[in-house]
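Single-structure report; data block below.
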Amino acid sequence: MKGLFITFEGLDGSGKTTQIKLLHDFLRGEGLDIIVTREPGGTEIGDRIRDILLSKKHAGMNYRTEALLFLASRAELVSKTIIPALEKGRVVICDRFFDSTVAYQGIARGLGEEQILNMSLWATEGLIPDITFLLSVKVSMGDERIKIINRKRDRIEVEKDLFKEKIYQGYLKIAQKNRDRFVILNGGDDIQIVFDKIKDKVLGVLKEKKLL
C-alpha cells in the first residue's frame with residue numbers, strides 16, 4: 001500500500017480520542033491527506049452494526065454473534081474506506097481495529113485468541129496496520145475519566161471490572177507478540193508528553209515510506 005495505516009487501541013477512557021484528534025490536526029498541518037475513522041462503524045452498514053453492538057437493549061448478546069458483527073463491520077470498512085484510501089497514498093487513522101476484537105472477544109470473552117485473529121485477518125483481506133499505538137491505563141483510571149466527562153456508557157462499557165482487566169492484560173499480551181508495529185504508551189501521562197512520542201514515531205515512519 002502507498003499510504004500509512006495507523007490504529008489506536010486501549011480501554012475506554014484511555015485517551016484515544018484526544019490523541020487521534022491531535023495527530024489528525026498535526027498531520028493536516030504538514031499538508032498530508034488524512035482520513036480518520038472508527039470501529040465498529042465508519043460506513044453506512046458499519047454504523048448500523050455499531051448501533052446493534054453497543055445498545056444496552058441487546059444485553060446478553062451471544063459472544064459469537066458479537067464477534068461476527070465486529071468482523072462484518074470491519075470487512076465493510078476495510079473494503080469501502082481503508083484500502084481505497086491507502087491505495088491513493090493517504091494516511092488512515094482508525095480508532096480500534098482487529099486487535100480490539102482479539103483482546104475483547106478472543107481473550108476476555110474466551111473465544112480463542114488465535115481463532116479470532118485468523119478470522120479477523122480474513123475479514124480485513126490480510127490488512128495489518130503499519131503502526132498501532134496502545135494507550136495503556138488501568139481499569140480504574142479509564143472508568144474515572146468516563147465518570148468525569150459524564151459520558152453515557154454503552155453495552156460493553158458497563159461490563160464488570162474483571163472483564164475489563166482481562167482486556168487490559170490481553171492488550172499487553174498482544175503488544176508483546178507484535179513489537180514490530182506496537183508502541184505501548186502510558187495513557188496516564190501528560191497529554192502533550194504522550195502526543196510527542198506518537199508524533200515522533202509517525203514522522204519517522206512517514207519519512208521511511210517517503211510520504212513526507
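Some observations on this one:
- Each residue in region 96-127 was checked for being open to solvent by 30 Å² or more (accessible area, probe 1.4 Å), among the small types (Gly, Ala, Ser) and in contact with a Phe, Trp or Tyr (Cβ under 8 Å, 6 or more places away or on another chain), and 1 of them qualify.
- Among the residues of region 10-35, those identified as in contact (Cβ under 8 Å) with a residue 24 or more places away in the chain and open to solvent by 70 Å² or more (accessible area, probe 1.4 Å) are Thr17, Glu30, Asp33.
- The numbered conditions (1) without any contact (Cβ under 8 Å) to a residue 40 or more places away in the chain; (2) of a type in the set (Val, Ile, Thr); (3) within 27 Å of Lys164 (Cα to Cα); (4) touching a helix residue (DSSP H, G or I) at 6+ places or on another chain (Cβ under 6 Å) are all true for Ile45 except (3).
- Region 97-123 residues that are free of Cβ contacts under 8 Å to residues at least 12 places away in the same chain, paired with ones that are buried (at least 21 other Cβ atoms within 10 Å of the Cβ) and not in a helix (DSSP H, G or I) (beta carbon under 6 Å, 6 or more apart): none
Per-residue answers, yes or no, for (1) under 22 Å from Val102 (Cβ atoms); (2) buried (at least 16 other Cβ atoms within 10 Å of the Cβ); (3) under 17 Å from the mean Cα position of the chain (by Cα):
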site	(1), (2), (3)
Arg153	no, no, no
Ile156	yes, yes, yes
Lys160	yes, no, no
Ile184	yes, yes, yes
Val194	no, yes, yes
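- Scanning region 164-180 for residues that are open to solvent by 20 Å² or more (accessible area, probe 1.4 Å) and either without any contact (Cβ under 8 Å) to a residue 60 or more places away in the chain or of a type in the set (S, T, N, Q) (or both) returns Glu165, Lys166, Gln169, Leu172, Gln176, Lys177, Asn178, Arg179, Asp180.
The values are calculated or read from the model by the stated rules, or taken from the named source; none is laboratory data. These numbers come from a predicted model, not from an experiment. Glycine gets a Cβ as well: all are built from the backbone with ideal geometry, and neighbour counts include every protein chain shown. Ligands, DNA and RNA are stripped out before the accessible areas are found, and what is left, the full protein with its side chains, is counted by its heavy atoms. Shrake-Rupley method; radii C 1.70, N 1.55, O 1.52, S 1.80 Å.
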